[in-house]
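What follows is calculated from the coordinates using simple rules that are stated; it is not laboratory data. This is a predicted model, so every value here is computed, not measured. Methodologically, a virtual Cβ is constructed for each residue, glycine included, from the backbone with ideal geometry; neighbour enumeration extends over all protein chains shown.
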């Protein structure tokens, strides 16, 4: 699985939640640690956590884990900024990137493996789970589109250049 990198977006302020989501308790750990458990269970080694608001606290919580960090200096920015900061840190061996959200700690490694297996089978440019006809996260994007991920429109994000299939 070394040709797939994973980016966990955790830079926002969690305003609607009323508490800082990444560090909330979830089961026997925190939300962010639960997300990382699912990501790490896939065997993928290149994991980038994009931090912004309370970056120091998140880094401290994850200091014993083998993850890289990317900084989004503006936690009020759109998700596209965090995606670009994460993609900048993806290693050169990666051929695809899985983009996951910190507010989805129940996504299992099995779901992630299904996305990766489908990408490998179909070599589609984007693999996106659906529920009731609506696309969701995590998404897997072929890094043939690395430059497009680095220059996403700030308001439309991934909808700018990608059609989900």
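To the nearest 10 degrees, how steeply does helix 109-122 sit against the main Cα axis of the chain, on a 0 to 90 scale?
The two axes meet at around 20 degrees.
Would you mind checking the tilt of helix 31-40 against the longest principal axis of the Cα atoms of the chain, expressed as 0 to 90 degrees and rounded to 10?
For helix 31-40, the angle is close to 40 degrees.
Would you list 114, 36 from fewest to most Cβ contacts within 10 Å? Intermediate results must be reported in sequence, preceding the final value.
Working: 114 14, 36 24.
Result, fewest neighbours first: 114, 36.
Just from its helices, what would the mean residue ellipticity at 222 nm be for the chain, if runs of 4 or more DSSP H residues each count -39500 (n - 2.57) and the sum is divided by every residue, rounded to the nearest 500 deg cm²/dmol?
-8000 deg cm²/dmol
Specify whether the C-alpha gyration tensor of the chain places it in the rounded, prolate or oblate class, a ≥ b ≥ c being the square roots of the eigenvalues: rounded for a/c under 1.5, otherwise prolate if a/b is larger than b/c and oblate if not.
rounded
Which percentage, to the nearest 5, of the DSSP beta bridges contained in the chain is antiparallel? Walk me through the intermediate numbers first.
Working: 10 of 26 bridges.
Antiparallel bridges: around 40 percent, rounded to the nearest 5.
To test your reading of the geometry: what angle, between 0 and 90 degrees and rounded to tens, separates the Cα axis of helix 79-89 from the longest principal axis of the chain?
With rounding to tens, the tilt is 80 degrees.
Sort 142, 64 by Cβ crowding within 10 Å, fewest neighbours at the top.
64, 142
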